[in-house]
1. How long is the gain from A:Asp44 to A:Thr195 if the chain were fully straight, where each residue apart is worth 0.36 nm and the alpha carbon distance is subtracted?
2. Would you mind pulling out the separation of the Cα centroids of segment A:146-222 and segment A:99-144, in Å?
3. Quick check on the protein assembly as shown: of the DSSP beta bridges with both residues there, what percent are antiparallel, nearest 5%?
4. Please list, in order along segment A:521-527, the HN-Hα scalar couplings obtained from phi with the Karplus expression 6.51 cos²θ - 1.76 cosθ + 1.60 (θ = phi - 60°), rounded to whole Hz, x for Gly and Pro.
5. Give me a comma-separated list of calculated 3J(HN,Hα) values for segment A:450-457, in order, Karplus coefficients 6.51, -1.76, 1.60 applied at θ = phi - 60°, integers in Hz, x for any Gly or Pro.
6. Please calculate how many Å² of accessible area segment B:1-45 carries per residue, with a 1.4 Å probe and no DNA, RNA or ligand atoms counted.
7. Name the residues whose placed amide hydrogens come within less than 5 Å of the amide hydrogen of A:Asp574, ignoring near sequence neighbours (fewer than 5 apart) on the same chain.
8. Quote the charge dipole size of segment B:5-210 about the Cα centre in Debye, to the nearest 20; the model charges only the Cβ of Lys and Arg (+1) and of Asp and Glu (-1).
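The values are calculated or read from the model by the stated rules, or taken from the named source; none is laboratory data. A quick note: this is a predicted structure, and the numbers were derived from the prediction, not measured. Cβ: placed from backbone, ideal geometry, glycine included. Neighbour counts: every protein chain shown. Ligands, DNA and RNA are stripped out before the accessible areas are found, and what is left, the full protein with its side chains, is counted by its heavy atoms. Shrake-Rupley method; radii C 1.70, N 1.55, O 1.52, S 1.80 Å.
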Amino acid sequence: MALKTSSPRKGGIGRASGAEGIDSIPLRYGDDPYVWACWLYYEDGMTQGEIAAAMGVSRATVNSYLADAREKGIVNISIEPARLASLTIAQELKRHFGLADCLVVPNDDDTRPLIGRLGAAGAQALSKIVKSGDTLAVAWGRTILSVGEHLETGPLQDVTVVQATGGTTASFAYTPELTTAAVARAISARCVNITAPAIVASAQTHRMLLEEPLIHEQFDTLSRANRIVFGISSLRPNSTIHTSGFFESVPLQHYLAKGAAGVLAGRFIDERGRPVAGPLDDRTIGISLEMLRGIGTRVAVAGGFDKVPALLAALRGGYVSVLVTDAATGAGILRADGVTSLDGRLSQRQKGPAAANTYRTQVKKFLNNPNDVVEEMLDGLIAAHSAYLKPVGTAQRALVARNGPRAGKVGLVIGGGTGHEPCFVGYVGKGLADAVAIGNIFSSPPPDPIVKCAVAASGGAGVLFVYGNYAGDVMNFEMAAEVAEEQGIPIRTILTTDDIASSPVEDKEGRRGVAGNFFVFKVAGAACDRGMTLDQCEAVTRKANDRTYTVGVALESCSMPQTRRHNFEIGPDDMEIGMGIHGEPGVSRERIRTADEIVDTIMDNIFKEMKAEAGDRVAVLVNSFGATPLMELYILYRRVEQRLSAKNIAIEANWVGHYCTSLDMAGASISILHLDSQLAELLHHPCQSAILTINTPGTDGSAPG
Amino acid sequence: MSENAARALARMFGRMSEMIEARKDTLSELDGAIGDGDHGITMSIGFKAVIAALGGLDLDKASPADVMSTAAAGFLDAVGASTGPLYATGFRRAAQALAGRDSLDLAACTDMLVAISDGIRDRGKAQRGDKTMLDVWLPAAEAAATALADGRSRQDFWKAITVAADNGAAATATMVATKGRAARLRERSLGHPDPGAASAAALVKAIAEAL
């Protein structure tokens with residue numbers, strides 16, 4: 001609201017002449033008693049009684065003015081969207097699972113790790129829940145330790161905090177003992193530990209220990225608990241359940257095989273929350289699931305996508321009465337349990353009225369029969385490029401270079417789905433790939449054409465398989481490699497993984513292969529053509545892949561010939577950084593920025609990984625995803641060049657154009673190959689193919705496509 | 001006359017193909033939500049190719065293992081992608097498991113289901129809970145083994161298997177994909193059943209009906 005010039009309390013306040021008679025509304029309120037009442041209430045913070053006196057009306061009238069003003073839309077109460085989303089999710093979780101309460105932390109604040117934010121939220125919940133005289137049971141875990149670290153309560157008396165399970169080795173920070181102690185310290189409570197191991201060697205030891213008077217007494221305290229706070233662990237391969245060593249791996253497999261979906265306080269439950277029986281059950285010292293469910297207030301604090309099935313299981317099983325989680329996990333739980341109404345409400349509230357659909361229902365394409373696109377493309381391609389390639393026998397899905405394979409040379413076989421043209425077919429020729437196996441759109445070729453390629457490419461010195469790292473391609477090429485090896489052709493495989501946005505650096509092997517394929521193929525083809533051995537070819541190709549860095553940005557989705565509809569949607573003002581060449585989601589979707597700012601984001605990411613120093617040499621590829629024209633690619637290249645030259649990094653060679661596309665997607669990728677002398681030499685090695693021809697070795701390698 | 005085991009298996013593949021045809025569009029829609037929307041088409045192409053390949057086999061002379069390995073080769077050559085190697089490996093393992101057998105008693109059926117499930121697991125290097133077809137095949141194979149050990153009737157045996165398969169497929173909606181293309185969606189895959197699991201449940205149903 002606008003600044004006011006003077007307080008209405010001091011300004012011209014009229015006197016009442018009758019019950020509803022307002023003799024003089026200050027001019028600035030435009031003769032509208034609703035606005036006046038609202039201003040006094042919301043802006044000046046007056047009580048309804050004070051407003052009644054000021055306006056000269058009854059308190060009841062003021063009350064109805066305020067209510068009507070909201071109805072009429074004179075007053076809109078808005079809550080920050082992220083907070084509103086959290087609140088909506090919390091309400092829905094509470095309703096759907098019949099919880100006593102639910103606290104959901106927003107996900108927009110990514111400055112702090114999730115565990116810390118959950119810990120703070122869990123602490124906030126506990127500080128409201130725990131009362132003097134309570135007995136609070138505490139289960140172990142990273143999140144619960146974080147709760148303890150954040151916990152602050154008012155002065156409480158006679159609170160007992162009791163460990164919910166036995167102890168573990170102190171090889172990690174969040175042991176049951178430490179977690180319980182942290183919570184007890186924060187509340188200044190009496191701390192009761194269970195002085196027995198959480199898991200003992202046998203059922204017999206278990207029985208004996210529980211008969212010990214001391215432990216018996218500790219369990220008595222535990223059985224008196226009227227509150228409990230616990231985390232929930234998933235059984236996913238990277239969960240703390242595996243890494244903490246709390247459980248032995250062999251029994252874990254047993255529980256997994258019996259359908260365990262999650263772990264609470266050391267006990268296993270299935271996806272419906274039913275206990276899963278197993279070999280650890282009568283060797284585990286700690287609270288039982290039955291005891292847990294009997295406790296009055298059961299606060300679960302957990303978040304993260306991998307925990308969704310485990311959390312859902314715990315909620316379905318009725319183990320939770322108060323849930324503390326984050327917005328994305330909360331929404332995931334609801335969606336996983338079939339609550340779909342939430343999505344509509346969230347987007348409606350966050351985005352307001354739905355933006356007009358900017359997408360055509362059908363995209364125009366040059367087609368005969370949509371089911372024949374791959375065959376018809378290959379007919380045309382083979383005719384157009386017959387100087388460089390030909391089918392292996394009659395098989396169009398396996399093409400071999402005319403002057404490629406020769407005796408004593410390592411063969412290079414590449415391949416993958418179609419829709420990326422000129423990748424992969426354009427890179428077949430002398431000095432490049434010897435053969436290419438071709439699949440359906442965005443879909444790996446089967447092993448048969450790959451084997452045909454291997455046989456056609458083999459010159460007796462072995463064959464390299466080089467292709468992008470995708471589950472389907474890996475399986476088909478692996479099967480083909482098995483068959484080729486049986487036929488006496490040694491096969492080495494290099495998966496391209498240049499898309500640095502597709503996975504963090506710790507998971508480098510899990511990354512996708514995208515436009516950087518171009519550099520890896522070029523280096524591999526040159527190595528093979530130079531007569532290097534299979535080992536040498538493999539090593540240098542691996543090096544090229546390790547030193548190639550790509551980041552893509554998508555502006556608009558691609559559309560498949562069969563559907564002629566956009567595969568997914570990118571909002572009218574948005575772009576997606578890191579999107580893959582089949583439309584795989586990238587690292588972030590954000591509002592589109594200037595070309596220079598986009599290149600800067602990409603280059604910053606590349607510089608973070610590429611350890612290039614002043615004086616180093618690189619090769620640059622600015623690649624269109626299909627629909628983005630050369631004009632825009634040159635604008636991108638301009639900034640790439642500026643960024644590199646500012647670091648005094650020399651561009652040894654560059655390519656700007658369509659090198660690895662995604663049908664008609666709008667967008668582009670930038671690939672940088674960090675050269676050394678061997679890679680530079682191989683990059684300049686001559687080659688002749690439909691898309692890339694390099695004639696003179698040793699000179700400037702720039703070769704427009 | 002009683003039909004020989006090879007004919008029974010060929011009839012089983014026929015039923016599988018029909019089952020996929022009937023669900024082709026539904027499967028593609030499921031895939032559209034978390035994948036590239038072609039799963040129904042891919043499966044349809046694959047099983048049509050299986051039927052075509054089996055057409056070239058003399059079923060009076062063929063063994064059950066022959067039927068399985070022919071189906072594996074037919075499926076693989078037609079499909080590629082990721083379903084191709086997975087089912088081809090599963091069927092090939094089933095061929096090995098059925099080698100030397102000429103009747104499809106419940107023990108043979110159990111071995112076949114376990115072999116398909118093991119083949120898919122080994123090829124895809126996935127595990128339970130990864131939101132894949134394995135979340136159907138593993139429980140189905142386990143249910144078969146349990147039902148066999150408990151000495152269930154043929155009817156109860158197949159009932160237990162289809163129930164396990166259907167539950168497995170339904171459970172994939174609560175999982176986050178970690179394998180295949182849907183893995184790129186992470187939490188966005190939640191709430192959507194996995195299309196590969198859905199088609200697997202349909203295949204198990206077809207097997208149960210045919211055998």
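1. 48.4 nm
2. Between the Cα centres of segment A:146-222 and segment A:99-144 lies a distance of 18 Å.
3. 50
4. Result, rounded to whole Hz: 4, 4, 5, 5, x, 5, 4.
5. For segment A:450-457, the Karplus curve yields 5, 4, 4, 4, 4, 5, 5, 7 Hz.
6. Counting only protein heavy atoms, the per-residue value for segment B:1-45 is 45 Å².
7. The answer is A:Ile592.
8. Values: 24 positive and 25 negative charges, 60 e Å.
For segment B:5-210, the charge dipole is close to 280 debye.
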